[in-house]
Amino acid sequence: MMNSKIIKAHLALLGAASMWGLMSPMGKAAMEAGVSGLSLATLRMTGGAVCFWITSFFVRDEKVPPRDLLMLFFAALLSIVFNQGCFTFGLSLTSPIDASIITTTMPLITMVLAALFLKEPVTPMKVGGIFLGSIGALMLVVGSQGGAAKDSNLWGDLLCLTAQFSFACYLTIFKKLIAKYSVFTLMKWMFTYASICFLPFSYRDVSEMVNTHFATEVWLEVGYVVLFGTYCAYILMLVGQKALRPTVVSMYNYVQPIVSTLVSVILGMGVFGWGKAAATLLIFAGVYLVTQSKSRAQMLAEKAEKTKES
């Protein structure tokens with residue numbers, strides 16, 4: 001049986017994945033209206049930094065030693081600068097379907113990195129779960145587009161893949177550091193570092209954007225990306241990351257295509273048929289298998305128990 005902390009972590013990741021699932025169409029719509037990929041990425045970082053600093057004034061203050069501040073800088077590079085920057089640029093060059101398909105690679109990358117850095121076991125159940133989840137996600141994405149891949153771009157696809165690899169590295173390498181501090185302490189410093197890294201390269205683009213007259217719906221799309229796709233989603237993601245293994249966290253990437261599909265059905269842009277129902281079941285079956293697979297700590301505990309009995 002899962003305890004309340006684990007259930008809370010799963011619900012938090014489900015919420016984060018849902019918000020990120022809506023972010024791709026929202027961000028793409030804003031960029032098609034004239035918002036540059038560089039401007040949107042910068043607004044995510046600076047907007048996120050402002051939101052987290054404001055929130056930090058209302059929660060318990062934590063002292064972060066210089067060494068951990070330096071480590072948070074490198075964590076920010078992987079989880080925000082390279083991840084958000086590469087994905088946003090990639091999305092501006094390639095099609096949303098390509099970007100969605102490429103996000104399905106993260107659990108596989110995370111599993112390999114967790115095995116290398118954290119010595120997490122690569123069990124048949126874990127491999128099977130990732131396989132089922134990836135098949136389900138691909139069925140949803142490709143099926144919703146009729147197998148088409150309009151406006152595909154090799155460089156855009158490679159940038160989206162780099163974003164997945166970067167975030168998988170972050171999930172694996174900085175798990176222990178993340179467990180030490182609260183969500184708001186971590187995020188206020190990481191988003192501040194990310195903003196400092198990005199602003200020198202994007203100041204001109206952002207200035208032009210601010211002086212451009214966009215329709216209200218474009219600003220609402222940008223607002224969604226900053227407030228929900230960044231601020232709220234990162235809070236929920238960290239809540240889940242503190243309690244669950246990196247591979248389990250990454251499996252929630254597969255929820256994003258489900259959200260996109262449901263939104264298209266609700267808006268009358270698609271039909272939820274047997275194929276999509278089967279794909280959804282495959283995704284949740286994959287998440288369940290990975291969740292139930294044994295961690296390194298569990299295996300060591302079982303080995304120690306057997307040693308005592310013998």
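The values are calculated or read from the model by the stated rules, or taken from the named source; none is laboratory data. A quick note: this is a predicted structure, and the numbers were derived from the prediction, not measured. Glycine also receives a Cβ, built like all others from the backbone with ideal geometry; neighbour counts cover every protein chain displayed. These area figures cover heavy atoms from the full protein model, side chains too; ligands, DNA and RNA do not enter into them. Shrake-Rupley method; radii C 1.70, N 1.55, O 1.52, S 1.80 Å.
With respect to the stated conditions, L262 is at pLDDT below 70, out of contact with any strand residue (DSSP E or B) (no Cβ under 7 Å at 6 or more places or on another chain), open to solvent by 30 Å² or more (accessible area, probe 1.4 Å) and part of a helix (DSSP H, G or I). Can we say E309 is at pLDDT 70 or above, more than 15 Å from the chain's Cα centre (by Cα) and open to solvent by 60 Å² or more (accessible area, probe 1.4 Å)? Judged against the criteria, E309 is not a match. One residue stands out among those in segment 197-230 that are over 29 Å from L72 (Cβ atoms) and hydroxyl-bearing (S, T, Y): the one that is surrounded by the fewest Cβ atoms within 10 Å (Cβ to Cβ), which is T216. In segment 160-179, the residues that are in a loop (DSSP other than H, G, I, E, B) reach residues that are at pLDDT 85 or above with C-beta atoms within less than 6 angstrom, at least six apart or across chains, in these pairs: F174/A75. Picking from residues in segment 21-70 that are under 21 Å from S207 (Cβ atoms) and assigned to a loop (DSSP other than H, G, I, E, B), the one that is least open to solvent (accessible area, probe 1.4 Å) is V35.
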